[in-house]
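Have a look at the structure below, then the notes.
Bear in mind these aren't lab numbers, they're just calculated from the coordinates by the rules spelled out. Note that the coordinates shown come from a computational prediction; the quantities given were computed from them, not determined experimentally. We place every Cβ from the backbone using ideal geometry, glycine too, and count neighbours over all the protein chains shown.
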Amino acid sequence: MLLVKSWYEVVRRTRFKIFALSTLYAVATAHAESEVNWQTELWLEEAMPPAFRVESSELEGPVYADTNGRTLYTWPLHVQRNGYSGESPGTPACYDEVLTVTAGLMSPYPPGIQLPDLDTRPSCTDLWPPVVADKDDKPLGKWTIVLRRDGSRQWAYDDQPLYTSIYDKKPGDVFGGTKRRYGGDDPSKRVPVSPPSKVPPGFSVATITIGRILTTDQNESVYSYATDTAEQTMCIGECTQRWEPVIAPALAGKNGEWSTLERSPGVMQWVFRGHPLYTHVLDQHSWSQQGSDVAGWSNVFTQRAPSPPADFTSQTTIGGEVLADANGKTVYIYRCGDDSADQLACDHPNDTQVYRLSMCGGGDARRCLEYWPYVRAEKAAASNNNIWTVLSIDPETGHFASPEQENAINVWGYRDRPVYTYGGDLKPGDVNGDGTGEHRGQRNGLQAFMLRDDFMGGTL
């Protein structure tokens, strides 16, 4: 009989078993519900110039866009190990020069190293066209106009200059950046600009892998209980020692998706979409999903992310629950940002492949295909969403294949970027490739596709 040596090990194993069952069920039911039109997140209207509109995106919720529906991005200042990158408020730093050497922002690499593929390297504005203001445009509310060094006028939001991404092809695409949290080892990311979420004071919304999670303004996750209704809660007495009701002001009333429940005389509890809300006192992290390990309890989302295609499964690993292919092999996503002053990404098939080929196969594309094979898609494979798509890739270069290219392969892509498995994973649940590359795969490398942001590596 296997003896468990600590209470922590009991809890850890229990959590993994519960979550494995719940995630496998979620993946299976998600495919059955693929035709369901999921609710989208609502937003608060604010003053907006006629040059802009709001689009609902599948992963980032509502985002601001130009008149053609192209998502708007900022490049916020970001502290790195050897300095700052990004833009200070009111000061554009993205221009049309093609940079040729590294900036040395990430130790231990010094500045002045020649960047790859200089003959085809784009400038910052080649990838990030500035959102130009016409001569008659005037500031309105949070929307201001800043001057570029050539004297042209550029729109800004909260004084941050605005750009679009050439990787966004249709309204609702947000392939250029993300609102997800990132740290000092990450490149300086571009961030989509959004209107305020339509939530009462005291609440916030954050993007995680599986959707837009509802939290308190202190980033505590909120939960609902399966047996509760909008008029009655079953969590009373001892239950409230672990599940604290989220208390609403006495004067709060019904407003759209929000209402209140009177738990006791004069004590009102917030209700969202018919579900009374709680926080979990045992949560250990911001934006936690630990409470969802408890039977009957679920995180609350303003909007769910689209499910992976039916070709994918999930697996329990030492680091948490991961996305896996049809054979149970862990799926990995490639991340890359070069150490130039303009912090251009290098993880898209249109970007330079020098970094990826060097990291996965010592510069040899054939070795990369052996050690880090793409997740192949069947010829007739299709997706019902825009986050997961089938990409045609040239296996010798890593770029998109040209039409009718004979050696092209169909692979699955997440956010328009291929996903991979690792040759060193021998059985389902192996994550031997997780963190391969620089700084645990954060700047240039591969990370396991974690299905939970509160487990290791949940920073896609």
Checked against a 24 Å limit on the C-alpha separation, the offending pairs among Lys138/Lys189; Lys179/Lys254; Lys142/Lys189 are Lys138/Lys189; Lys179/Lys254
Can you pull out the GluC sites (Glu not before Pro) in the stretch 352-460 that DSSP calls coil and that have at most 16 other Cβ atoms within 10 Å? Glu378, Glu396, Glu404, Glu406
Three principal axis lengths of the chain [C-alpha, angstrom, descending]: 71, 68, 44
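Of the GluC sites (Glu not before Pro) in the stretch 238-313, which ones lie in a loop per DSSP and count no more than 15 other C-beta atoms within 10 Å? Let's see the in-between values first.
Details: sites: Glu238, Glu257, Glu262; in loops: Glu257.
Here the GluC sites (Glu not before Pro) that fit, given the DSSP loop and packing criteria, are Glu257.
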Regarding the stretch 46-194, what's the average projected area of the Cα-atom convex hull, expressed in nm²? 9.5
Which value at 222 nm does the chain reach when only helices count, each DSSP H run of 4 or more adding -39,500 (n - 2.57), with the total divided by all residues and rounded to the nearest 500 deg cm²/dmol? -3000 deg cm²/dmol
Cβ crowding within 10 Å averaged over residues, with 224-232, 445-453 ranked highest first: 445-453, 224-232
Here the alpha-carbon Rg of the stretch 373-460 over 2.2 N^0.38 Å rounds to 1.19
Taking loop as defined by DSSP and a crowding limit of 15 other beta carbons within 10 Å, which trypsin sites (Lys or Arg not before Pro) in the stretch 363-434 fit? Lys379
For the stretch 210-304: span of alpha carbons on each principal axis (Å, largest first): 32, 30, 24
